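Below is one structure; the comments refer to it alone.
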Amino acid sequence: MSETFREDGALAVDWVASYLERVRELPVLSQVEPGDIRRALPVSPPDEPEPFSAVLADLDSILAPGLTHWQSPRFFAYFATTGSEPGVLAELLIAGLNQVGILWRTSPALQELEELTVDWLRQLSGLPEGFHGHIEDTASTGVLAAVIAARALRPDRPLLVVSEHAHSVGEKAARLLDLELQKVPTDDEFRMKPDLMRVDEACAVVATIGTTGMASIDPVPEIADRCSAAGTWLHVDAAYAGSAAILPELRSHFRGWERADSIGVNPHKWLGVPVDCSVLWTRRHEDFRNAFSLVPEYLRSPDDALNLSEVSIPLGRRFRALKLWAVLRCYGRVGLQERLREHLRLAELFEGWVRAEPGWDVVAPRHFSLVCFRLDASDEDNERLLERANDSGEIFLSHARLDGRYVLRLAIGNFRTTEDDVTLAWNVLRREAAAL
């Protein structure tokens, strides 16, 4: 078995390496129709064992056409991600070690490395000491956990306050926790208006640095002032943009976030860590413990250590810290900063092309590596333009609605994206716009 594993492992690593080498040339958006993949696979499981080579063969012939290539440097939709090489290899180690972090004693290395790596990221991000952190699967879970902790503190305040442009997880958290939801209107730069928050009635406010639609930045210092005066929990959702805090020149965008009760940042969005890896920091560690700690008799131990399961929703946890640790070590502060600065440069370049082209408009301030723009035409034409560009397979973009208008989003975040890829995206958009 060990020899077969070594041989199959070498084939798998070679497959991934070849995939990453050729992913730029693959259609970014999957070209299959709903149901195609399932119809191509057996209805029932196999009776007899099959070799791993058969799995790789079906990956090539059946599954690959149904992949939308998030690893493509021409993936510009949503918020682009990268599973970097150190992170990919760390995922192999994570699976091989198969650690289950139920308690500190079930994997001391898992817990202590997690505590260390999230503190490394805190230091890189310029946050002060006093924030404790752990890793969740996604920012959605982190927001839900923060609101649960806030709700436990203020059960007399069944209201959650978010921006009208906040991520939908706020609305989902309110639904799951049976809270009323206030969606606060925004100003002409799509920032939440603090004076309209019903903060005295709320158990929590979720402010955003880098909203999903247009990467707007809520006025966190003013929001923090109102939350502090009202005794209301403040969570800052910086899932996408938070990685940019490692750049000193962008720290002004994060003013006030150190006053938050909790903060969420996704290294799997813009720091080269494969999905899933979302860091949740809090200054209210004991409040998290009071909300989540439940240790049944069969899990009690004499260890003088706080189990991470006592400050989060799940009991078991994967060894996610290993891939964050690998990426932070293999790129270092300098390497990560170089990549993010290049993304900012490319976004600025693309924004300049749009502004200079007659018949095109930039429709929102560009704070990070996301450009929101549209053709000076109807919403229907802009939607058709996006569909044509995506159907070409050459690029993949997504959209949002700002002030009721359909707008296109180009988000740069893949470590392999070059100026040639961004140039191609602009040429495809111009070509498809001319063909409308």
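The values are calculated or read from the model by the stated rules, or taken from the named source; none is laboratory data. What you see is a predicted model, and the numbers here were worked out from it, not measured in a lab. Don't worry about glycine lacking a Cβ; one is built from the backbone with ideal geometry, like all the others, and counts go over all protein chains shown. Just so you know, the surface numbers come from the protein's heavy atoms only, side chains and all, with ligands and any DNA or RNA stripped out. Shrake-Rupley method; radii C 1.70, N 1.55, O 1.52, S 1.80 Å.
Points worth noting:
- Taking a straight Cα-Cα cut-off under 30 Å and skipping sequence neighbours fewer than 8 places away in the same chain, the lysines within cross-link reach of K183 are K172, K193, K269.
- Ordering Y298, Y19, Y78 by accessible surface, largest first, gives Y298, Y78, Y19; the 1.4 Å probe counts only protein heavy atoms, with every chain in place.
- Compactness of the range 333-377, expressed as Rg and Dmax over alpha-carbon positions, Å: 12.5, 43
- In the range 57-109, one over the average inverse separation of all distinct C-alpha pairs is 14.2 Å, which is the Kirkwood hydrodynamic radius.
- Relative contact order [Cα under 8 Å, 6+ residues apart], the chain, whole percent: 22 percent
- Normalised Debye scattering of the range 266-307 at q = 0.16, 0.24, 0.29 Å⁻¹ gives log10 I(q)/I(0) of -0.67, -0.86, -0.96, counting only Cα atoms as equal scatterers and leaving out solvent.
- Kirkwood estimate for the chain, i.e. one over the average of 1/r between Cα atoms, Å: 23.3 Å
- Phi angles across the range 136-150 convert, under the Karplus curve 6.51 cos²θ - 1.76 cosθ + 1.60 with θ = phi - 60°, into 3J(HN,Hα) values of 9, 6, 9, 5, 4, 5, x, 4, 4, 4, 5, 5, 4, 4, 5 Hz, Gly and Pro given as x.
- Projecting the alpha carbon convex hull of the range 1-92 along each direction and taking the average yields 7.5 nm².
- Extreme residue, positive dipole direction of the chain, given options L385, L408, V362 (C-beta unit charges): V362
- Each Cα pair under 8 Å and six or more residues apart adds its separation to the average, and for the range 124-236 the resulting relative contact order is 25 percent.
- Amide hydrogen proximity for T208: with H placed 1.01 Å from N in the peptide plane, the residues at 5 or more positions away or on another chain lying under 5 Å are D218, D237.
- The share of C-alpha pairs in the range 203-282 whose separation exceeds 20 Å stands at 28 percent.
- Amide H contacts of H167 (H built 1.01 Å from N, under 5 Å, at least 5 apart or other chain): T212
- Probe 1.4 Å - accessible area at H167, Å² to nearest ten: 70 Å²
- Alpha-carbon radius of gyration plus Dmax, which is the widest Cα pair, for the range 308-436 in Å: 18.6, 58
- The reciprocal of the average 1/r between distinct C-alpha atoms defines the Kirkwood hydrodynamic radius, which for the range 132-205 equals 12.7 Å.
- Label positions at I37 and A57, each projected 7 Å from the Cα along the C-beta direction, are separated by 2.1 nm.
- Dividing the convex hull volume of the alpha-carbon atoms in the range 235-314 by its residue count gives 123 Å³ per residue.
- As a size descriptor, the averaged projected area of the C-alpha convex hull of the range 318-392 was calculated at 7.9 nm².
- What the Cα atoms of the range 5-59 give is an Rg and a Dmax of 14.3, 38 Å.
- About its Cα centre, the dipole of the chain is roughly 800 debye, where the only charges are +1 on Lys and Arg Cβ and -1 on Asp and Glu Cβ.
- Relative contact order, percent, the range 111-190 [alpha-carbon distance under 8 Å, six or more residues apart]: 24 percent
- Semi-axis lengths (Å, descending) of the ellipsoid that matches the C-alpha gyration tensor of the range 142-257: 22, 14, 14
- Over 24 Å [Cα-Cα, the range 212-348], rounded percent: 44 percent
- Most to least accessible of F190, F5 (protein chains only, probe 1.4 Å): F5, F190
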